[in-house]
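Note sheet for the following structure.
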Amino acid sequence: MAQVLGRSIAAPLTYAPAILQAIPRAEGRDGLGWDDATTIYGSDVWHLYELSWLNANDMPVSFTGTLTIPCQSRATVESKSLKLYLNSLNFHVFECSEDAAKCIIDDLSALVGMPVALRFIKPTDLKQITREPTGFDVDDFPAHAKPTATDRQMLLKTESIIDAEKLISHHLRSLCPVTGQPDWATLVLEYQGQKLDRPSLSAYINSFRQHQEYHEQCVERIYTDLLAVTAAEQLTVVAYYQRRGGIDITPWRSRQPFAAPPDRMARQ
């Protein structure tokens with residue numbers, strides 16, 4: 001199947017696993033100075049709002065889904081191809097929901113090179129995974145910096161004390177590297193290390209407003225920069241990206257192994 005990025009493609013009317021497109025994680029990580037010794041934990045949690053197929057009686061079945069892809073996988077999935085793939089199931093018949101789940105899990109696990117997880121949720125039960133993250137809001141600090149890609153990390157300043165805190169910003173904006181369209185997210189970081197200067201963190205977050213990179217790559221860049229500056233013993237970075245095309249993504253990255261929750265924000 002030809003690449004779908006940057007192309008106008010109608011939703012397939014028949015099951016089309018070949019439309020799925022992988023994005024190798026190495027594409028973003030090579031520029032971060034990572035090597036085989038770099039240890040990072042976490043997952044990409046996708047919320048799927050257009051999940052539907054036909055049952056054995058040719059009647060539509062609809063769910064919301066949470067798809068979890070481990071960050072240790074060799075690749076992730078490109079969002080437009082995922083949307084088209086999921087919509088290719090809309091007229092496909094599955095005997096039961098378990099068969100639909102197995103099909104999706106098998107196809108995506110083969111694509112990313114590692115087992116993925118999928119959970120179905122009734123559209124009326126989204127409240128079960130809808131939570132608002134808490135933390136000290138850094139958005140009120142003035143920050144007008146417009147750095148280049150080479151000096152972004154230098155914006156971050158720390159104080160000469162060790163602290164443990166949770167910070168939040170609703171101002172994270174980046175651009176799709178293919179279309180140039182904006183992606184918005186709420187960024188939450190929790191760490192124990194050199195205390196971050198909050199105005200400098202606000203300036204750093206705002207510096208991404210014209211930065212072109214995939215969601216997961218932005219989160220890993222932020223994680224890497226914060227780890228370098230704070231020398232954190234504990235660090236978790238998560239970005240709740242807003243929905244585009246019936247899908248949203250919440251990448252989690254951490255120094256500690258953990259199971260990324262399926263949580264979404266009402267904003268998403």
(request) Take the residues in segment 114-144 that are hydrophobic (A, V, I, L, M, F, W, C), surrounded by fewer than 17 Cβ atoms within 10 Å (Cβ to Cβ) and part of a loop (DSSP other than H, G, I, E, B), then tell me which one is modelled with the lowest pLDDT. (result) Phe141
(request) Please give the number of the condition Arg253 fails out of (1) in a helix (DSSP H, G or I); (2) crowded, with 23+ Cβ neighbours inside 10 Å. (result) (1)
(request) Report yes if some residue within segment 160-167 is out of contact with any strand residue (DSSP E or B) (no Cβ under 6 Å at 6 or more places or on another chain), among the polar types (S, T, N, Q) and part of a helix (DSSP H, G or I); otherwise report no. (result) no
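Name the strands (runs of 3 or more DSSP E) wholly within segment 1-113 that hold at least 1 residues that are among the acidic types (Asp, Glu) and under 22 Å from the mean Cα position of the chain (by Cα)?
The qualifying strands (runs of 3 or more DSSP E) are 43-54.
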(request) Report yes if some residue within segment 85-92 is buried (at least 18 other Cβ atoms within 10 Å of the Cβ), under 28 Å from His211 (Cβ atoms) and in contact with a Gly (Cβ under 7 Å, 6 or more places away or on another chain); otherwise report no. (result) no
(request) Output the residue which, of all residues in segment 153-169 that are in contact (Cβ under 8 Å) with a residue 40 or more places away in the chain and not basic (Lys, Arg), is surrounded by the most Cβ atoms within 10 Å (Cβ to Cβ). (result) Leu155
(request) List every residue pair whose Cβ atoms sit under 7 Å apart, with the two residues 6 or more apart in sequence or on different chains, where the first one lies in segment 14-29 and is under 13 Å from Ser109 (Cα atoms) and the second, anywhere, is of a type in the set (Phe, Trp, Tyr) and assigned to a helix (DSSP H, G or I). (result) Pro17/Tyr85; Leu20/Tyr85
(request) Test Thr64 against the stated conditions and say whether it is in contact (Cβ under 8 Å) with a residue 24 or more places away in the chain, in contact with a Phe, Trp or Tyr (Cβ under 6 Å, 6 or more places away or on another chain), in the same structural domain as Ala26 (by TED's automatic domain parsing) and among the β-branched types (Val, Ile, Thr). (result) yes
(message) Any residue at all in segment 176-188 that's under 20 Å from Val45 (Cα atoms), assigned to a helix (DSSP H, G or I), at pLDDT 95 or above and within 15 Å of the chain's Cα centre (by Cα)?
(response) no
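Could you tell me whether Ile9 is surrounded by 18 or more Cβ atoms within 10 Å (Cβ to Cβ), in contact with a helix residue (DSSP H, G or I) (Cβ under 9 Å, 6 or more places away or on another chain) and among the aliphatic types (A, V, I, L, M)?
Numbers: surrounded by 18 or more Cβ atoms within 10 Å (Cβ to Cβ): no; in contact with a helix residue (DSSP H, G or I) (Cβ under 9 Å, 6 or more places away or on another chain): yes; among the aliphatic types (A, V, I, L, M): yes.
It is false that Ile9 is surrounded by 18 or more Cβ atoms within 10 Å (Cβ to Cβ), in contact with a helix residue (DSSP H, G or I) (Cβ under 9 Å, 6 or more places away or on another chain) and among the aliphatic types (A, V, I, L, M).
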(message) Which of the numbered conditions does Ser202 fail, given that it passes all the others? Conditions: (1) small (Gly, Ala, Ser); (2) farther than 18 Å from Glu78 by Cα; (3) buried (at least 20 other Cβ atoms within 10 Å of the Cβ); (4) at pLDDT 95 or above.
(response) (4)
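The values are calculated or read from the model by the stated rules, or taken from the named source; none is laboratory data. As the structure is a computational prediction, the values presented were derived from the model and not from experiment. Cβ coordinates were reconstructed from backbone atoms using ideal geometry, including for glycine residues, and neighbour counts include every protein chain displayed.
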